[in-house]
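The structure appears right after this line, and notes come after that.
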Amino acid sequence: AQKVTQAQTEISVVEKEDVTLDCVYETRDTTYYLFWYKQPPSGELVFLIRRNSFDEQNEISGRYSWNFQKSTSSFNFTITASQVVDSAVYFCALRVAYGGSQGNLIFGKGTKLSVKP
Amino acid sequence: GAGVSQSPSNKVTEKGKDVELRCDPISGHTALYWYRQSLGQGLEFLIYFQGNSAPDKSGLPSDRFSAERTGGSVSTLTIQRTQQEDSAVYLCASSLGSFGRAEETQYFGPGTRLLVL
């Protein structure tokens, strides 16, 4: 069975602080994909990044960076110099490549990030 | 181009009534997914369509829930004899639907907020 754990339910930071959102996943599959989505107060899930299980290169996109470590089954997300507009709920998700449930994303419970001015 | 659209954006109904929720995927996307987001359960997969067929209905919580897709485009999720526990946000997503679909990014609509009184 697959599972995604986001242990941090809520995080509050002050603008310009760096913040890391943790994601730990469980799967026995060797081929899988990991995703991060952002859900602002408007409610729509916005895609941020996708990684496959064979590519452990970390990625940076502007103020966002992702650290994928298979050894610890983690896919953590860091926001550098946070801004108020970063306030949202962030979801980590897993999708396996094979098997009956390959159609669906398995989501963590989400981490609510509040960035205060 | 246009994203995934859903209607209605909000729906209030009385217990026991039937409701229909509509999803219009991104043009050209052959794969379509329904998810449910509730406070207690987080984001849960309901059903997946490839074209007009539904190879994975494993997430539908009961036989009161059904979905169809016609013309490979619009999908309707129907909940019969609604119960209060059906209150949630129902999210629709679509992806290209090509062979390697497990790695495809799912793009989400704004959701329909259903409240059953």
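The values are calculated or read from the model by the stated rules, or taken from the named source; none is laboratory data. Keep in mind that this is a model prediction, so the values were computed, not measured. In this analysis, Cβ positions are derived from the backbone assuming ideal geometry, glycine residues included, and neighbour counts consider all displayed protein chains. Note: areas computed on protein heavy atoms with side chains; ligands, DNA, RNA excluded. Shrake-Rupley method; radii C 1.70, N 1.55, O 1.52, S 1.80 Å.
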Taking the range A:1-22, which residues are over 18 Å from B:Glu44 (Cα atoms) and either open to solvent by less than 40 Å² (accessible area, probe 1.4 Å) or among the basic types (Lys, Arg) (or both)? A:Ile11, A:Val13, A:Lys16, A:Val19, A:Leu21
Just for the range B:92-111: of the residues that are in contact with a Leu (Cβ under 7 Å, 6 or more places away or on another chain) and facing chain A (nearest Cβ under 10 Å), which one is nearest to B:Leu39 (Cα to Cα)? B:Gly111
Of the residues in the range A:23-78, how many are out of contact with any Phe, Trp or Tyr (no Cβ under 6 Å at 6 or more places or on another chain), closer than 22 Å to A:Tyr98 by Cβ and open to solvent by 70 Å² or more (accessible area, probe 1.4 Å)? 5
For A:Tyr98, which of the numbered conditions (1) open to solvent by 60 Å² or more (accessible area, probe 1.4 Å); (2) touching a strand residue (DSSP E or B) at 6+ places or on another chain (Cβ under 7 Å); (3) not polar (S, T, N, Q) fails to hold? (2)
Count of residues meeting criterion [surrounded by fewer than 17 Cβ atoms within 10 Å (Cβ to Cβ) and more than 15 Å from A:Asn104 (Cβ to Cβ)] in the range B:53-69: 6
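Mind telling me which of the residues A:Glu15, A:Glu26, A:Glu56 ends up being free of Cβ contacts under 8 Å to residues at least 40 places away in the same chain and touching a Lys or Arg at 6+ places or on another chain (Cβ under 8 Å)? Steps first, please.
Working: A:Glu15 fails: free of Cβ contacts under 8 Å to residues at least 40 places away in the same chain; A:Glu26 fails: free of Cβ contacts under 8 Å to residues at least 40 places away in the same chain.
Matching residue, one of A:Glu15, A:Glu26, A:Glu56: A:Glu56.
Picking from A:Ala88, A:Ala81, which residue would you name as being more than 21 Å from B:Gly97 (Cβ to Cβ), away from chain B (no Cβ under 14 Å) and aliphatic (A, V, I, L, M)?
Values: A:Ala88 fails: away from chain B (no Cβ under 14 Å).
Every option except A:Ala81 fails the conditions.
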Note down all Cβ pairs under 7 Å where the first residue falls in the range A:67-82 and is on the phi > 0 side of the Ramachandran plot, the second is crowded, with 16+ Cβ neighbours inside 10 Å, and they're at least six residues apart or on different chains. A:Ser73/A:Val24; A:Ser73/A:Tyr25
Sort out which residues of the range B:70-109 are open to solvent by 10 Å² or more (accessible area, probe 1.4 Å), touching a residue at least 60 places away in the same chain (Cβ under 8 Å) and β-branched (Val, Ile, Thr), and write them in order of number. B:Thr78
From the option list A:Asn76, A:Asn67, A:Asn52, A:Asn58, single residue qualifying as within 14 Å of another protein chain (Cβ to nearest Cβ) and not aliphatic (A, V, I, L, M) is A:Asn52
